[in-house]
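*Asks:* Starting off with a structure, shown below.
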Amino acid sequence: MPKPVATLSPAFKKQANKAIAAIVIFIITYLILLALATGLTALCVYSGFALIINNPGLLTIILGMGLASLGVLVLIFLVKFIFTSHKTDRLHLYEIKQEDEPALFRLINDIVEEVGTHFPKKVYLSSDVNAAVFYDSSFWSMILPVKKNLQIGIGMVNSVTSAELKAILAHEFGHFSQRTMKVGSYVYNVNHVIFNMLYDNDSYGKIVQKWASITGYFSIFTIIAVRIIAFVQWILKKLYAIVNKRYMGLSREMEFHADEIAAGVTGYQPLKSSLLRLSLADHAFNAVLRFYDEQVVNNMQSANIYKEQTYVMHFFAKDSKVAIVNDLPVVTIEDLNRYNKSKLVIKDQWASHPSTEDRVKRLELLGNNDIPVDNTPANRFFTNIETLQQTLSQKIFSQVTYQGEVKTNTLENFIEQFNQNFKNNTFSAIYNGYYDNKSPVYFDSTTVNIAEAPMPFEYLFSPDKINMVYDAISLQNDFDTLTQIAGKNVDITTFDYDGRKYKKKHATILQQELKTEIDAVNEQLKTNDLHIFNYFHHLEKSTNNSNRLITLYTQFFEYDKSFEASYQHCSTLHQNLQFISHSLPVEQITANFSQLEADELKFKELVSSLLATEVIQTEINEEVRKNFESYLSKQLVYFAGDVYYEENLKVLFTAINDYAHLSAKTHFLLKKQLLDYQEQLQVRTNAYIPA
């Protein structure tokens, strides 16, 4: 079969030309810097030897060597990237060979022939939901041919059809099937070269420090070398911004190009359907991993995490009313964008991949959808998929440290526990998602006109009201993004809003329009929330004539009022402690801790208040409570002399992280307590019968 021909789009050619221009600029700049560094080295070495020869003695020998080292240190900095390589960590990978999986290797061979590229050097399986072609890169990989390895995620295989797996792998090989795609490889490696000189300097730094520590005379020349290097890095940072932006632009076009090659092999439909589903599959996979993160204290692990992934993927699909065909969810663009009502469109120059929506639109334009589609499960390409799934599952859990005898969970037990956890951590379906990303708006319950006849329940939680919630969220998000644009924190010159193009300077004017819309929508939501309270208040009076509803609203409003500020205080404290990861003078470290004393005192008050909150008590396990008590019991010393007290710092950071988690959980539980009580009122009056 002739290999699929993917035409190079004008956008691809444009980005490729920009990338080539960026490479040329870098090469010229680098060669100039290298020539200057070589000249400096020659001059320093010559001057150093001349100093020693003309004035022999111990001091001149030291000064001569120090002077010679100045140029050598700068030159080594500029060429050290040649001797470094980037090796992909393979500890999480599981290599397979043709005799292990003949059907899979036949599929790969067919794709390689159709696409017109080379068979991978090695094939690996990973646990996650992706596929990739990778290789160990170095400076020399720009010059010498490098064979690529194929990585196939079992979490991905578990979530696609045979045709979709073929399309995904064809996409990966498509990256290397055209000579023009080599431009991307060159830009990628140039990016790594600059990155190495800017940020990968630990080993080099140790060499410089060791040399400077030999004698104070050497340190003088080392300081000069470091300042020269700092100037070189300043130039490289400017280049890095240019090259990186060009790389990202080309990378996006390479994705479109590889998609077109894949569509030539399978038609566009299999790649489209897999693109749309894989975010759901990944979400389900990570939900299972989070479930077992919480089960570490119970020494529980899974025998086969992929059976559980399948269950959760179906569970989420049904919960979101996504259709299931051939035992797989059929996700649509509308499903992905169901709650995204943003009208703001910004071209992200720093994104390495186009959005799923953009990729799907480009695929649909190809129109080549007449190739027969194999909708059998992709798992069929493996001789014994269940054994492989168990092996990869065991590889995941082998990284976990358990404190007791490990127990293996059953699928039935997982389903029961997952369903209960989901129920405990979500709001009732009767609200139709109204409260999923929104809290009740504050109001004074004593001012509500409870004599007013209540609105119908169906009206209060109708699709129109749900849309209003997400209109408010999208408007606020757009407003916040415009704030970033107006403040010149976003590197753009133009943007689109509601189909119209604007210049950056118009962001402030547009914000004023959005503010009016935001206020109007929020006022409508507040009115609806008052109607909701009135509705449930009438139900309460008709059933038990208590005031529990008002009590629950009051409790939630009181916590909600201070929640954001408290959470922000915690985050700021954590951020202000980051100086401990840097090398600073003792005086500066001491001053930094002194400046944090008032913030820490306030944080202790927040922790004490949290520990006294009734609704969160069952969520605070013995280990967390013990750490909180240790933190509150005395004034901990974090630094003395020139030494950090690591144990005390660990107590502090653990307290900060636990507080952040538990304060957010408290907010959720107070809200859920209120909403669950409203649901009970609804059920008691037979106004709603739960499914």
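The values are calculated or read from the model by the stated rules, or taken from the named source; none is laboratory data. The shown structure was predicted, so the numbers you read here are calculated from the model rather than taken from an experiment. When we count neighbours, we look across all protein chains shown, and the Cβ atoms used for this are built from the backbone with ideal geometry, even at glycine.
*Asks:* Of all residues in region 542-566 being at pLDDT 90 or above and of a type in the set (Ser, Thr, Tyr), which is nearest to Thr613 (Cα to Cα)?
*Replies:* The qualifying residue nearest to Thr613 (Cα to Cα) is Tyr559.
*Asks:* Going by the conditions given, is Phe256 under 20 Å from Lys80 (Cβ atoms), assigned to a helix (DSSP H, G or I) and among the hydrophobic types (A, V, I, L, M, F, W, C)? Break it down stepwise before answering.
*Replies:* On the way: under 20 Å from Lys80 (Cβ atoms): no; assigned to a helix (DSSP H, G or I): yes; among the hydrophobic types (A, V, I, L, M, F, W, C): yes.
In short, no.
*Asks:* Same structure again: Tell me, which helices (runs of 4 or more DSSP H) lie completely within region 410-502 with 2 or more residues that are farther than 30 Å from Val615 by Cβ and touching a helix residue (DSSP H, G or I) at 6+ places or on another chain (Cβ under 8 Å)?
*Replies:* Details: elements: 411-424, 457-460, 463-486.
Output list reads 463-486.
*Asks:* Next question. Kindly indicate whether any position in region 636-647 is assigned to a helix (DSSP H, G or I), in the same structural domain as Lys604 (by TED's automatic domain parsing) and surrounded by fewer than 16 Cβ atoms within 10 Å (Cβ to Cβ). Steps first, please.
*Replies:* Taking region 636-647 as the starting set, the residues that turn out to be assigned to a helix (DSSP H, G or I) are 646-647.
Now restrict to residues that are in the same structural domain as Lys604 (by TED's automatic domain parsing): 646-647.
Still in the running and surrounded by fewer than 16 Cβ atoms within 10 Å (Cβ to Cβ): 646-647.
Yes, region 636-647 contains a residue that is assigned to a helix (DSSP H, G or I), in the same structural domain as Lys604 (by TED's automatic domain parsing) and surrounded by fewer than 16 Cβ atoms within 10 Å (Cβ to Cβ).
*Asks:* Which count do you get for residues in region 559-598 that are assigned to a helix (DSSP H, G or I) and under 28 Å from the mean Cα position of the chain (by Cα)? Full working, then the answer.
*Replies:* Step one: of region 559-598, the residues assigned to a helix (DSSP H, G or I) are 559-576, 578-581, 586-595, 597-598.
Subsequent filtering for residues that are under 28 Å from the mean Cα position of the chain (by Cα) retains 560, 563-576, 578-581.
Within region 559-598, residues that are assigned to a helix (DSSP H, G or I) and under 28 Å from the mean Cα position of the chain (by Cα) number 19.
*Asks:* What number goes with the only condition from (1) at pLDDT 85 or above; (2) within 30 Å of Phe256 (Cβ to Cβ); (3) of a type in the set (Phe, Trp, Tyr) that Tyr46 does not pass?
*Replies:* Condition not satisfied by Tyr46: (2).
*Asks:* Next question, about the same structure. Go through region 430-440 residue by residue and tally those that are surrounded by 13 or more Cβ atoms within 10 Å (Cβ to Cβ) and either within 26 Å of the chain's Cα centre (by Cα) or over 24 Å from Phe563 (Cβ atoms) (or both). Lay out the reasoning, then the answer.
*Replies:* Of the residues in region 430-440, the ones surrounded by 13 or more Cβ atoms within 10 Å (Cβ to Cβ) are 430-436, 438-440.
Now restrict to residues that are either within 26 Å of the chain's Cα centre (by Cα) or over 24 Å from Phe563 (Cβ atoms) (or both): 430, 432-433, 435-436, 438-439.
Of the residues in region 430-440, 7 are surrounded by 13 or more Cβ atoms within 10 Å (Cβ to Cβ) and either within 26 Å of the chain's Cα centre (by Cα) or over 24 Å from Phe563 (Cβ atoms) (or both).
*Asks:* Going by what's in this entry, would Tyr535 be described as part of a helix (DSSP H, G or I), of a type in the set (Phe, Trp, Tyr), closer than 26 Å to Met468 by Cβ and more than 39 Å from the chain's Cα centre (by Cα)?
*Replies:* Values: part of a helix (DSSP H, G or I): yes; of a type in the set (Phe, Trp, Tyr): yes; closer than 26 Å to Met468 by Cβ: yes; more than 39 Å from the chain's Cα centre (by Cα): yes.
Yes: the conditions hold for Tyr535.
*Asks:* Got at least one residue in region 375-383 being farther than 21 Å from Leu165 by Cα and either in contact with a helix residue (DSSP H, G or I) (Cβ under 7 Å, 6 or more places away or on another chain) or of a type in the set (D, E, K, R) (or both)?
*Replies:* Residues of region 375-383 that are farther than 21 Å from Leu165 by Cα, as a first pass: none.
No, there is no match, as no residue in region 375-383 is farther than 21 Å from Leu165 by Cα and either in contact with a helix residue (DSSP H, G or I) (Cβ under 7 Å, 6 or more places away or on another chain) or of a type in the set (D, E, K, R) (or both).
*Asks:* While we're here: Considering (1) of a type in the set (Val, Ile, Thr); (2) in contact (Cβ under 8 Å) with a residue 24 or more places away in the chain; (3) within 23 Å of Gln673 (Cβ to Cβ), say which one Thr618 fails and leave the rest.
*Replies:* Exception for Thr618: condition (2).
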